[in-house]
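See below for the structure under consideration.
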Amino acid sequence: MEPTQLHEKWFELINALEAILGKRPNDLNAVIFLIGIQELGFGVKEFSKEEKQDLMHIGTCKLLSYDNYYELSHLDEQGWPHYDLIKAVPKDDVKIQVRLLRRNALIYFEEQGVI
């Protein structure tokens with residue numbers, strides 16, 4: 001996806017999420033957090049600081065699973081998903097990582113029927 005097209009689609013996603021949530025996600029981290037909550041499947045509830053970090057990890061792993069960096073391993077006894085690292089994530093510059101995560105977030109929300 002071309003950078004201009006990615007930028008346009010990203011703001012389409014942000015606008016769609018704002019319409020659903022009633023609040024505009026501030027940044028990529030907020031979108032990753034939402035994906036973590038969705039993947040956990042517990043619905044809206046209060047999460048501890050540690051759980052919020054875990055949700056960010058779940059969201060990131062889910063997005064990187066589209067490029068086969070991670071694979072869902074199992075759900076633990078409490079229903080939390082766990083991922084296995086399949087291959088090392090490139091340590092590219094931050095702009096490339098952000099584009100990768102945004103592109104995969106678009107794929108995720110297209111699959112969810114949001115955009």
Is it true that some residue in the stretch 56-74 is outside any helix (DSSP H, G or I), out of contact with any strand residue (DSSP E or B) (no Cβ under 6 Å at 6 or more places or on another chain) and among the basic types (Lys, Arg)?
no
Go through the stretch 15-59 and report how many residues are β-branched (Val, Ile, Thr) and without any contact (Cβ under 8 Å) to a residue 40 or more places away in the chain.
3
Restricting attention to the stretch 60-115, and to residues there that are among the basic types (Lys, Arg) and without any contact (Cβ under 8 Å) to a residue 12 or more places away in the chain, which single residue is nearest to Leu28 (Cα to Cα)?
Lys95
Take the residues in the stretch 1-42 that are over 16 Å from the mean Cα position of the chain (by Cα) and small (Gly, Ala, Ser), then tell me which one is least open to solvent (accessible area, probe 1.4 Å).
Gly22
What do you reckon, is Leu75 surrounded by 12 or more Cβ atoms within 10 Å (Cβ to Cβ), among the aliphatic types (A, V, I, L, M) and within 18 Å of Asn104 (Cα to Cα)?
no
At pLDDT 95 or above, open to solvent by 40 Å² or more (accessible area, probe 1.4 Å) and of a type outside the set (Val, Ile, Thr), is that true of Tyr83?
no
Hits in the stretch 76-91 (condition: touching a strand residue (DSSP E or B) at 6+ places or on another chain (Cβ under 7 Å) and assigned to a loop (DSSP other than H, G, I, E, B))
Asp76, Ile86
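The values are calculated or read from the model by the stated rules, or taken from the named source; none is laboratory data. Bear in mind that the values here come from a model prediction, so they are computed numbers and not experimental data. Neighbour counts run over all protein chains shown; Cβ positions are idealised from the backbone, glycine included. Note: areas computed on protein heavy atoms with side chains; ligands, DNA, RNA excluded. Shrake-Rupley method; radii C 1.70, N 1.55, O 1.52, S 1.80 Å.
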